[in-house]
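What follows is a single structure, written as structure tokens, with notes after it.
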Amino acid sequence: AKGVTPIKGKGRLAGPGRVAVGDAVYQAKSIIAAVGAQWVRPAFPGADLEGVVNSSQFLEEGKIPARSLILGAGPWAMELAQFLGACGSQVVVAARERGILPDFDPEIGQRLRSALKGDPLTVLNSCQVVSMAKDKDGLSAVLSVKGKEETRRFDRAIYFDRRPALADLGLDTVGLRDLAVDEHLATKAPGIWAVGDAVGTEPFLSHRSSVMGIIAAENALGAKRTFDPNSVPRVAYTNPQAASVGLSEEQAEEAGYEVLAGTAAIAASPMAMIQGVSGGVVKVVGEKKYGGLLGVHIMAPFATEIIGAGALAIQMEATLEDLARCALPHPTIAESLSDAAREALGWAIYIP
């Protein structure tokens with residue numbers, strides 16, 4: 001935004017309207033904190049051992065381990081797990097939750113789990129690492145799987161947890177303990193906004209941070225824009241791809257909506273038939289009272305491209321009827337969006 005000046009170097013708050021970078025102090029009417037996040041080591045005994053690395057460290061090593069333990073089952077974790085399996089590594093995914101892709105609609109996670117059954121990787125649900133030890137044969141991990149302990153050996157354990165990089169930021173000089181923000185991305189300290197991973201709410205996504213940065217910059221210059229986290233899509237570059245935006249069916253029910261949900265299996269899509277793909281789905285979630293669209297969830301080829309239409313629809317407060325009557329091109333995977341909306345409304349055309 002015109003009038004917003006980025007400061008190069010690691011800055012720290014030096015009081016209301018003041019930012020220090022090295023010996024230089026900058027005075028400003030408005031400050032936007034975009035300090036990002038930092039890696040967080042797991043808390044189990046042995047997490048500090050050589051061979052327990054975050055995904056960035058692992059990629060810098062440039063080697064494929066023979067045996068890999070993936071800590072977590074989010075998008076980054078599943079992407080790397082599938083990649084390592086394709087490269088010949090024996091991969092175990094330690095999923096803390098009962099399924100994979102915990103921030104997605106559960107149906108998407110279940111379908112992706114089924115699609116991965118032929119891949120050379122093992123997913124352990126409700127799994128916690130009890131401890132880790134190192135010997136000449138690599139890392140010895142004690143895992144608790146659904147309450148039962150077992151020991152497995154690995155060459156690398158890879159973690160993905162991050163938290164806001166607030167150390168030495170000087171939050172106490174302006175009376176803050178964190179960078180939590182309101183809908184305008186303003187913190188509790190007057191004149192200070194925060195964006196991206198720094199605010200501490202997941203998912204940590206670059207496109208989410210970019211949208212927040214624009215809104216915060218405009219508000220710092222006097223506007224009153226609001227940020228809607230429900231319109232930010234979540235994506236997994238797995239094979240097949242998965243993407244989600246808005247509320248899942250369960251989240252909508254918990255929010256008190258009378259839910260209308262519709263699915264379109266892409267096996268009925270001519271484009272899917274052309275590509276020889278049959279295991280995907282497009283799902284829409286809406287509410288009955290006004291017919292509003294609440295969520296779009298996809299597991300299919302090009303899901304990360306198609307979800308943009310769902311994000312725009314939710315941002316524009318579209319209805320299920322709008323989506324059902326949209327003239328989407330044929331043959332495409334994307335036309336299943338309309339099929340799913342029609343199914344939710346009870347007048348499916350191409351769904352048996």
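The values are calculated or read from the model by the stated rules, or taken from the named source; none is laboratory data. Quick caveat, the model's predicted, so the values are computed rather than measured. So basically every Cβ, Gly included, is an ideal-geometry build from the backbone, and we count neighbours across all protein chains shown. For the accessible areas, the whole protein counts, side chains as well, though only heavy atoms, and no ligand, DNA or RNA atoms are used. Shrake-Rupley method; radii C 1.70, N 1.55, O 1.52, S 1.80 Å.
Here are some notes:
- Computed over the alpha carbons of segment 62-166, Rg followed by Dmax gives 13.7, 42 Å.
- Surface per residue (accessible, 1.4 Å probe) for the chain, Å²: 51 Å²
- Pair-distance profile P(r), taking every C-alpha pair of segment 235-298, with 10 angstrom steps and integer %: 22, 42, 27, 9, 0
- Given (i) 129; (ii) 156; (iii) 174, the label whose value is volume of the Cα convex hull per residue in Å³ derived from this model: (iii)
- Residue 273 - accessible surface, heavy atoms, 1.4 Å probe, Å² rounded to 10: 120 Å²
- Helix-only [θ]222 nm of the chain, DSSP H runs n ≥ 4, -39500 (n - 2.57) each, per residue, nearest 500: -7000 deg cm²/dmol
- Computed accessible area, residue 332, all protein chains, 1.4 angstrom probe, square angstrom: 40 Å²
- Looking at the chain, the DSSP beta bridges with both ends there are about 70 percent antiparallel.
- Overall, the accessible surface of the chain at a probe of 1.4 angstrom is composed of carbon and sulfur to the extent of 51 percent.
- For the chain, the residue among 217, 232, 329 whose Cα projects farthest onto the positive side of the dipole built from Cβ charges is 217.
- Relative contact order (percent, whole number), segment 139-233, Cα cutoff 8 Å, 6+ residue spacing: 19 percent
- Distance from the Cα centroid of segment 279-352 to that of segment 62-131 is 28 Å (rounded to whole angstrom).
- Solvent accessible area, Å² - residue 328, 1.4 Å probe, full protein context: 50 Å²
- For segment 1-110, share of DSSP beta bridges that run antiparallel, in % to the nearest 5: 55 percent
- Pairs spanning more than 31 Å between alpha-carbon atoms, out of 10/136; 8/188; 146/188; 8/224; 8/134; 224/283: 10/136; 146/188; 8/134; 224/283.
- At R0 = 22 Å, FRET efficiency that the Cβ-Cβ distance of residue 172 and residue 221 yields, to 0.05: 0.20
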